[in-house]
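Here's the structure, in structure tokens; my notes come after.
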Amino acid sequence: MTRELILAGYAAAATAAVALEAAAWRSGPPATLGATLSAVLRRRPARFLLLAGWLWLGWHIFVRVDWR
Amino acid sequence: MNDVRRTAAIGAAGAVAVAAYAWWAVGLPAFSAAASAGVLGAGAAAVAAGARLRARRPSGPAPATGAAGVVPWFVLAGALAALQLVAYLGQPRAEHPTLSYLANVALDTQAARAAAFVAWLAAAVDLARR
């Protein structure tokens, strides 16, 4: 049951993201995800954190898993 | 060869090289120093490439993005982070799947992992050029 609830939560988040992006393209607000990322990345500390986090994510997915 | 065809040929060769590198990098032994260097080195190169594109872009006033526009995305990111934390703290993992657990289930072949690696590099370039 917990598994289904968590998966439903991820699906709801993905649906909400698609809906937000669609609303942004129609008229906005909200801003598009790209515009939001650009706004965040204009601040240097946020830029550093986001890029470092992205590198960590790649390391986590592609190095820290024995997938064979 | 005109400029357009030359640019297309260089782009195609670059894409093949990146795909070949991705195939090799995701095949390295897990948890090894070689895998860490192969993945993080490529990621750092992608960030540097994006930063170079950003520097070449003509400077000008950034488009205004109001708080009302970005708040929904922050709320969504917060909700997703909370859900991820709940899953992370629960056990067993199969009953409390985190996003990385689901990613590992989806990326269980070398081809899928190589494609995801290329997408990760492309996203790194895109983030760094913003």
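FYI, it's all coordinate maths here, none of it is from the lab. Since we're looking at a predicted model, the values are computed, not measured. So basically every Cβ, Gly included, is an ideal-geometry build from the backbone, and we count neighbours across all protein chains shown.
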key: Length released on extending from B:V4 to B:T109, taking residue separation times 0.36 nm less the Cα-Cα span   = 34.2 nm
query = Mind checking which helices in chain B clear 27 Å along their axis (Cα) and have mean Kyte-Doolittle hydropathy of 0.5 or more, DSSP H runs only?
reply = B:3-26, B:33-56, B:67-89, B:110-129
inquiry  = Report the rotationally averaged projected area of the protein assembly as shown based on its alpha-carbon convex hull, in square nanometres.
reply    = 13.9 nm²
remark   = For the protein assembly as shown, the dipole about the Cα centre with charges only on Cβ (Lys and Arg +1, Asp and Glu -1), to the nearest 20 debye, works out at 820 debye
Charge sum, other residues only, whose C-beta stays under 14 Å from A:L33's C-beta, Lys/Arg counted +1 and Asp/Glu -1 = -1
Test item: A:2-11 mean partner chain Cβ contacts at 10 Å = 5
key: Residue-averaged [θ]222 nm for chain A, counting only DSSP H segments that reach four residues, each worth -39500 (n - 2.57)   = -26500 deg cm²/dmol
task = With a ≥ b ≥ c taken as the square roots of the eigenvalues of the C-alpha gyration tensor of chain A, please select rounded if a/c is under 1.5 and otherwise prolate if a/b is larger than b/c or oblate if it is not?
result = oblate
query = For A:E21 and B:F31, what is the calculated FRET efficiency with R₀ set at 41 Å and r taken between the beta-carbons, to the nearest 0.05?
reply = 0.65
key: Spatial separation of Cα centroids for the stretch A:3-41 and the stretch B:8-73, in angstrom   = 22 Å
request  = Place a +1 charge on the Cβ of each Lys and Arg in chain A and a -1 charge on the Cβ of each Asp and Glu, then give the dipole magnitude about the Cα centre in debye, rounded to the nearest 20.
outcome  = 320 debye
query = By how many nm would the segment from B:A20 to B:A68 lengthen if fully extended, with 0.36 nm per residue of separation less the alpha-carbon distance?
reply = 13.0 nm
Cα gyration tensor shape for the stretch B:37-100, rounded if a/c is under 1.5, else prolate or oblate = oblate
inquiry  = Could you work out [θ]222 nm for chain B from helices alone, using -39500 (n - 2.57) per DSSP H run of at least four and dividing by all its residues? Round to the nearest 500 deg cm²/dmol.
reply    = -26000 deg cm²/dmol
key: Residue mean of other protein chain beta carbons inside 10 Å, B:19-26   = 1
query = Looking at the square roots a ≥ b ≥ c of the eigenvalues of the Cα gyration tensor of chain B, which shape do they give, rounded for a/c under 1.5, prolate if a/b is larger than b/c, or oblate?
reply = oblate
ask   = In chain A, which helices (entire DSSP H runs) extend 24 Å or more along their own long axis, judged by Cα positions, while averaging at least 0.5 on the Kyte-Doolittle scale?
value = A:2-26, A:44-62
